[in-house]
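Each value in this text was obtained by applying a stated rule to the coordinates, not by laboratory testing. These figures come from a predicted structure and were not determined experimentally. A quick note on method: Cβ atoms are made from the backbone with ideal geometry, for glycine too, and the neighbour counts reach across all protein chains shown.
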Amino acid sequence: MINFERFELANGLRVIVHQDKTTPMVAFNLLYDVGAKDESSSKTGFAHLFEHLMFGGSLHIENYDEVVEKAGGQNNAFTSNDITNYYITLPKNNLEHAFRLESDRMLRLAFTPKSLEVQRQVVIEEFKQNYLNQPYGDVHLLLRPLAYKTHPYQWATIGKDISHIEDATLEDVKSFFYSYYAPNNAVLVITGDVTVNEIKVLAEKWFSDIPKRDVPKRNLPKEPIQHQARTLSVERAVPVDVIYKAFHMCSRKDERFFATDLISDILSRGSSSRLHKSLVKEQKLFSDIDAFIGGDMDEGLFYFGGKLSTGVTMKEAEAGIDAEINKLKTILVSEEELSKVKNKVISAHMFSELNILNKAMNLATSELLGDPNLVNLEVDLYNAVSSAKIKQVANAIFRNENSNTLYYHAK
């Protein structure tokens, strides 16, 4: 059970505090409710570019990392299609440094042509290295637009095209910043040996003067139900053939999410999972195969991805996946198998909550989902999933007309 207290500043900043007296460290997690899905289709990659720009200096602080290091802390950030998250862990007696750093960045970045150019080049290099020049790096650049025709999940966080970052102007960047990086579009979570009164004082001191901003009202197009299977074949200079299948599934906010997550674990969590046991060990169709979900805030995708064994055809590999899917759709998962998977999920969940940063991130995400107390309900929600529910959800998701298949051939 994670106990917490929540308050809100007059400018809309939501603040959550969890006291953990077992550690001298404090986690400071600032989540902005902006991701790649909030970008214009002609200017993608901006949320990810900002993950880098936020470290390029702000109004009063030129070198962010240097201040964190001198305070004995560590920091990092990540961007998804839904959110942008910044975090610092540091000793409790240096916590105010985190407030000073993050409030200064939220107030105003040091928007200079030099800072933009430096971070632009970093992102362009990352795009080339991780997505264009890496074996299988472009899988999601191909699979997303195959699966999504309307919703902005159709592009990855790195962006749709490298030219969008190459052509980004200082005005483009400023406009994006002042639209989304606002106190009324953020959730701040502090976990560690702190009291809510201490955090109220610091939050008022450092954040209350930052004005609310006109955050664009999110009105994203809903992806239409897919009525026909889609396929794409490509050939690349890679070691072995790979097959990817993606099926549309529910959002992270949907009650079916927990059953869907358990399905991915039944299929591929550990060496005793169905896909590994049947398709890798016994039939030797794949050298490696995985099933996973994105956990998206809007309707997401359920993925299968596998590297084919030498001599196996795409048709044979796909038939193997389809056979395992069919078992889930027609035969109830045994109570023993379901219980085993639930125990793995729940123990991993409990173990992660020993870490103050994980607790901070989970509380921030739960707040964004509508209720920070969701973090305390997850175990019960997983436990409540029945074998019948697994079968029902599998039949809803794994329909051929709902499939998007990428045949990735080695040259």
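Out of the residues in region 130-181 meeting the condition of being of a type in the set (G, A, S) and buried (at least 20 other Cβ atoms within 10 Å of the Cβ), tell me which one is farthest from A237 (Cα to Cα). Step by step, filter region 130-181, then rank; the result is A168.
I'd like the full set of residues that are touching a Leu at 6+ places or on another chain (Cβ under 9 Å) and either under 17 Å from A77 (Cβ atoms) or free of Cβ contacts under 8 Å to residues at least 24 places away in the same chain (or both), limited to region 166-181. Answer for region 166-181, where residues must be touching a Leu at 6+ places or on another chain (Cβ under 9 Å) and either under 17 Å from A77 (Cβ atoms) or free of Cβ contacts under 8 Å to residues at least 24 places away in the same chain (or both): T169, V173, F176, F177, Y181.
Against the test of being free of Cβ contacts under 8 Å to residues at least 24 places away in the same chain and either buried (at least 21 other Cβ atoms within 10 Å of the Cβ) or of a type outside the set (F, W, Y) (or both), the options E255, E282 yield a single qualifying residue, E282. The residues of region 67-93 that are surrounded by 15 or more Cβ atoms within 10 Å (Cβ to Cβ), touching a residue at least 40 places away in the same chain (Cβ under 8 Å), outside any strand (DSSP E or B) and of a type outside the set (G, A, S), listed by number, are N81, D82, I83.
Looking only at region 202-230, filter to residues that are surrounded by 12 or more Cβ atoms within 10 Å (Cβ to Cβ) and of a type in the set (V, I, T); which one of those is farthest from the chain's Cα centre (by Cα)? Across region 202-230, the extreme among qualifying residues is I210. Screening region 252-266 for residues that are over 13 Å from A388 (Cα atoms) and in a helix (DSSP H, G or I) and picking the one that is farthest from the chain's Cα centre (by Cα) gives I266.
Can you tell me which residue is nearest to S273 (Cα to Cα) among those in region 306-345 that are assigned to a helix (DSSP H, G or I) and β-branched (V, I, T)? Top of the filtered list is V341.
Conditions tested, residue by residue: (1) of a type in the set (A, V, I, L, M); (2) exposed (fewer than 13 other Cβ atoms within 10 Å of the Cβ); (3) touching a Leu at 6+ places or on another chain (Cβ under 8 Å); (4) over 17 Å from R252 (Cα atoms).
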position	(1), (2), (3), (4)
K329	no, no, no, yes
V341	yes, no, yes, yes
V345	yes, no, yes, no
F351	no, yes, no, yes
L363	yes, no, no, no
S366	no, no, yes, no
L381	yes, no, no, no
Q392	no, no, no, yes
N400	no, yes, no, yes
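Total residues in region 354-398 satisfying the condition of being of a type in the set (D, E, K, R), under 16 Å from V17 (Cβ atoms) and in contact with a Lys or Arg (Cβ under 8 Å, 6 or more places away or on another chain): the figure is 1. For the residues L363, L377, L406, the requirement of being at negative phi and not in a helix (DSSP H, G or I) singles out L406.
The helices (runs of 4 or more DSSP H) found wholly in region 94-209 and carrying at least 2 residues that are under 30 Å from S41 (Cβ atoms) occupy 95-107, 113-127, 139-147, 162-166, 170-180.
So A291 clears everything in (1) surrounded by fewer than 21 Cβ atoms within 10 Å (Cβ to Cβ); (2) not in a helix (DSSP H, G or I) except one condition, right? Which one? Among (1) surrounded by fewer than 21 Cβ atoms within 10 Å (Cβ to Cβ); (2) not in a helix (DSSP H, G or I), A291 violates only (1).
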